[in-house]
Amino acid sequence: MTKNRDYIGFGTKAIHAGNEPEVTTGAIMPPIFLTSTYIQDGPGAHKGFEYSRTHNPTRFALEKNLAVLERAAHGFSFASGSAATAAVMQILSSGDHVIAGDDLYGGTVRLFEKVFARQGLSFSYFDPTEGGAGVNKLIRPETKLVWIESPTNPMLKLCDIEAVAKVCHKHDVLLCVDNTFMTPYFQQPLTLGADIVCHSVTKYLSGHSDVIAGALMTNDDALAEQIRFIQNAVGAVPSPIDSFLVLRGTKTLHVRMQRHEENAQALAQWLEEQSFVEQVIYPGLSSHPQHTLASRQQGGFGGMIGCYIRGDLGYVSRALKACRVFACAESLGGVESLIQHPATMTHASLDPIQRRSLGMGDNFIRLSVGIEFIDDLYADLLHAFNVAA
Ligand code: P1T
């Protein structure tokens, strides 16, 4: 067992945290409070709930649940993972400098470069495999924040979170870790020294591909107040229905993550033996260059696989079209398996030169391995790449 695998209690917390029985009826499930406002006995005489952008009991239940899972004192939910990312940038000010990993979700890079750079933030990028040394080289007096994904989307590079946190704290710089790929079941960055954890809740936390949502968690009271202010002032909050759906999703997070990983590990090993495959990238394989760090830092290896196909874009496209169990679609983390082509889909907004320098070529695909019967996943890929040949 590795240190971040919180087997004991995780499932209990996932099912119960934030899920108090409703007081009037004893309903075991939290009600979906579809209300924009709350009646007051007189001006200012309210029950702690004034307006739903600021206060909503269903959203609060979700935020409590997510905070407990990430071992955080404070949790905040947002209308999307991108809105959560933006909220972190919105606590910074014009002139501030951010250091970020060089391989991130394409939409995150777009947000940094096309929105926040225009508003006066500046960004430098480092190879996350260089860890603390990579960050150290780029720190300037105006550096306020380091932003990393580990493993990264889509190249599955790892970053030594503890080492980066040490460098950040030496220089009074905040560290935010996007923990979407691992989820708190496999990795709890706050316990490794991160100041903020960010999630695209859309993915594993929700787990059923029916919600767009995001979240931020922190143990720092002052930071929490800044995030709470931005959440309310900017207003990118999730709806009560989406909050409920995520809360239902997190109840099975531990069970789903176990099966995602079991399937991904088996599929990665199987892919390594297939003639249509050039190279498999999965942190759970001993061939992954950072397999040792993955084993030490993570409680598991997750459900995402990168794969170089032996063939050109035409072959890859035909194969993705021919899949019958895997759906050719963006996103990840749902119970169903997805397959996609980052260069033309999730990471199409990146500069092509940068994409190529990261190794995201035409023959690179990304698989989000679902929790189906594993033999059906082997059979589907075998069929798809055979008929495409
Ligand atoms: O889609 P949204 O909920 O706004 O989350 C953005 C986001 C943030 N961080 C990571 C690591 C992500 O993977 C994403 C969204 N990613 C996809 C849609 C994708 O297919 O990779």
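Observations
- Per residue, the solvent-accessible area of the chain (1.4 Å probe, heavy atoms of protein chains only, all protein chains present) comes to 40 Å².
- P(r) weight above 23 Å for segment 70-191, C-alpha pairs, percent: 25
- Among 265, 249, 217 the positive-end extreme of the charge dipole of segment 214-308 (Cβ point charges): 249
- Positive-end residue, the chain charge dipole about Cα centroid, Cβ charges, pick of 353, 384, 107: 107
- For segment 250-378, alpha-carbon Rg over 2.2 N^0.38 Å: 1.04
- Dipole magnitude for segment 88-209: computed about the Cα centre from +1 point charges on Lys and Arg Cβ and -1 point charges on Asp and Glu Cβ, it is near 220 debye.
- Total charge dipole magnitude, the chain, about the Cα centre, Cβ charges on Lys, Arg, Asp, Glu only, Debye to nearest 20: 200
- All Cα-Cα separations within segment 207-274 were binned at 5 Å from zero, giving a P(r) of 3, 13, 15, 15, 15, 14, 10, 7, 5, 3, 1, each value a whole percent of the pairs.
- If you model segment 164-257 as an ellipsoid using its alpha carbon gyration tensor, with each semi-axis the square root of five times an eigenvalue, the axes come out at 25, 18, 9 Å, biggest first.
- Solvent-accessible area assigned to carbon and sulfur over segment 141-290 amounts to 52 percent, based on a 1.4 Å probe.
- Taking max minus min of the alpha-carbon positions on each principal axis, segment 13-80 gives extents of 38, 28, 20 Å, largest first.
- The chain - percent relative contact order, Cα under 8 Å, separation 6 or more: 18
- Cα-based Kirkwood hydrodynamic radius, the chain, one decimal, Å: 21.5
- Residue 148 sits with roughly 0 Å² accessible to a 1.4 Å probe, with DNA, RNA and ligands left out of the calculation.
- For residue 124 and residue 292, the FRET efficiency from 1/(1 + (r/R0)^6), where r spans their Cβ atoms and R0 equals 35 Å, is about 0.80.
- Projecting the Cα positions of 25, 93, 56 onto the charge dipole of segment 1-103 (unit charges on Cβ atoms of Lys, Arg, Asp and Glu, taken about the Cα centre) puts 25 furthest along the positive direction.
- Those trypsin sites (Lys or Arg not before Pro) in segment 1-105 that DSSP places in a loop and that have at most 11 other beta carbons within 10 Å: 47
- The Cα trace of segment 153-219 gives Rg and Dmax of 12.7, 41 Å, the first to one decimal, the second as a whole number.
- Against the rule of thumb 2.2 N^0.38 Å, how large the Cα Rg of segment 327-389 comes out: 1.25
- Total charge dipole magnitude, segment 1-158, about the Cα centre, Cβ charges on Lys, Arg, Asp, Glu only, Debye to nearest 20: 80
- Against the main long axis of the alpha-carbon atoms of the chain, helix 7-16 sits at an angle near 50°.
- When you filter the GluC sites (Glu not before Pro) in segment 60-160 for DSSP loop state and at most 15 other Cβ atoms inside 10 Å of their Cβ, you are left with 142.
- Residues 162, 261, ordered by accessible area of protein heavy atoms at a 1.4 angstrom probe radius and largest first, appear as 162, 261.
The values are calculated or read from the model by the stated rules, or taken from the named source; none is laboratory data. Predicted model only: the values in this text are computed from it and were never measured. Note that each Cβ is placed from the backbone with ideal geometry, even for glycine, and that neighbours are counted across all protein chains shown. Quick note on the areas: whole protein, heavy atoms, side chains included, nothing else; ligands and nucleic acids left out. Shrake-Rupley method; radii C 1.70, N 1.55, O 1.52, S 1.80 Å.
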